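Input: a single structure, listed below in structure tokens.
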Amino acid sequence: SRAFFPSKDTTTTSSPSPVMRSRAFSPLKDSSTPDEPSKLSKRTKQRAKGRYIKILAISIAIVNVFFIMGGGGGGGGGDEAGEEGYKKEMQVKAVVNKDINPTLLWRGEAKTHYLLHKNNGDGNDDEETTTRKIQTVELVIAYCNKDLNWMFKDVLGEITADRATAVKMTILSKCGNENLIPDFGKDERVHEVKVISLPNVGGCDFPFAYFMNRYIESHSIEEALSSVILFIKDTPRIEENFHFPFHKDYRTVGEMIDIASSNGHFICGVRTNCDVSTFHTTNILYEYAIRRYQRKTERFDGFKAVRVDDFNLHAYNNLKDFHIRALNWTFPNQDVTNVCYGGTFGVAASRLITLSNQPRERKVFPLLEDLLTRKSSSNMTIEEHFVERTWGGLLSYPLTGEQTEMIRKIHNGKGRMESQGSIMGALKAPKKKITCPP
């Protein structure tokens with residue numbers, strides 16, 4: 001059964017918006033207990049069994065006739081038929097710009113465009129770009145105990161009127177410190193604030209997965225097409241909190257909004273060094289594994305990383321083993337994969353909705369939420385590390401063959417695969433293959 005921890009949902013809205021009636025965040029599965037079956041006589045059971053067998057035989061005959069007449073399609077099972085329905089209802093087609101900037105593609109910043117293909121059911125399908133004028137920025141904050149006042153300048157201050165007309169904040173509070181959250185509802189840029197209490201599990205990734213599932217449940221593609229969602233941790237985006245090998249700095253919130261809204265899908269909140277790509281060689285990335293881990297803040301307090309039995313409770317061999325066994329899913333591009341570190345990224349809201357209409361990806365989101373509810377004696381699980389390396393490859397549109405060739409041309413087989421500690425398989429360009437800004 002699905003672990004679910006509803007606790008507190010506090011919603012405020014700023015004038016002149018009407019007071020919003022808070023939507024209850026319900027579990028994703030029904031865990032009701034079935035009624036106890038009544039006792040039946042032996043004769044009654046036999047008669048019921050005989051009728052059931054007759055009905056089953058008739059049903060099988062009808063299904064066989066249906067398939068013989070061609071109504072069943074191409075030999076898939078019932079679940080595949082349902083999945084095909086999802087595919088036909090909503091698809092996304094990549095449109096590769098011939099003049100795309102390879103350097104921006106290398107850094108995960110290229111403004112590629114995609115078409116949303118919608119099946120209207122009347123034979124006249126619609127196609128439209130997934131990049132619309134952004135009306136709403138959704139800020140999703142994984143909060144424990146940091147002072148959030150820094151967000152007024154460094155987050156809200158970046159959301160200017162030309163970037164969005166409305167800001168909605170969802171603060172997912174994990175450590176019981178709701179009384180310390182500033183009153184963001186008084187800021188004229190903020191149209192809505194939700195504070196939701198969650199259990200302290202899964203690092204920042206559990207609240208992010210929690211939000212995604214509820215957003216998918218409650219929003220249509222039409223609503224999502226004009227929205228961007230930013231996922232942010234409560235720690236200030238400053239140099240002392242930046243500790244990622246081969247990375248330069250944080251992207252500003254304004255940059256994240258601009259790129260996610262222009263490319264229609266995903267942007268990482270941290271920027272790589274110019275010569276290091278956000279894309280990793282997939283098979284090397286899949287070798288990632290870790291035995292123990294201690295958060296940086298805990299190391300400053302004198303704690304040491306200690307190997308514990310329940311850190312990797314299910315004995316995953318590596319990231320690929322986790323994807324196959326836990327998610328029944330793998331990265332869609334077997335050559336190169338977008339990876340984002342640091343627990344901060346942006347995604348076009350339409351991307352969540354289109355993924356939820358795909359046969360395999362729509363099952364991944366609830367699985368991620370479930371997997372991240374597990375606790376360990378070290379206050380961290382290996383699932384958190386695997387999910388951090390999953391977001392980019394899941395939420396990005398996979399590169400097309402032509403785009404992959406652009407990345408490989410820069411790497412040229414002569415660059416290096418950067419692997420250091422937590423980073424494995426990042427592509428590094430050889431000298432003179434890429435021009436870095438001063």
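Charge tally for T278 (other residues, Cβ to Cβ under 13 Å; Lys, Arg +1; Asp, Glu -1): +3.
For the listed residue pairs K153/K186; K146/K168; K133/K174; K233/K375; K153/K428, the alpha carbons are over 24 angstrom apart in K133/K174; K153/K428. Of the peptides 257-265, 240-248, the ranking by mean beta-carbon count within 10 Å, highest at the top, reads 257-265, 240-248.
The spacing between segment 163-180 and segment 354-395, judged by their C-alpha centroids, is 22 Å. Ordering 391-402, 206-217 by mean Cβ neighbour count within 10 Å, with the highest value first, yields 206-217, 391-402. The distance between label points at K111 and D249 comes to 2.2 nm (points 7 Å beyond Cα on the Cα→Cβ vector). The slack between K432 and D162, meaning 0.36 nm per residue of separation minus the straight C-alpha distance, is 93.5 nm. Taking trypsin sites (Lys or Arg not before Pro) across segment 305-345, the ones in a DSSP loop with at most 10 further Cβ atoms lying within 10 angstrom of their Cβ are R307. The local environment of L399, defined by Cβ-Cβ distances under 12 Å, has a net charge of -2 under the rule Lys, Arg +1 and Asp, Glu -1. For the listed peptides 155-161, 175-181, a ranking on the average number of other beta carbons within 10 Å per residue, highest first, reads 155-161, 175-181.
Any read-out appearing in this document is the output of simple, stated calculations on the displayed coordinates, not a laboratory observation. In this text, all values refer to a predicted model and were calculated from it rather than measured experimentally. Note that we place each Cβ from the backbone using ideal geometry, even for glycine, and neighbour counts take in every protein chain shown.
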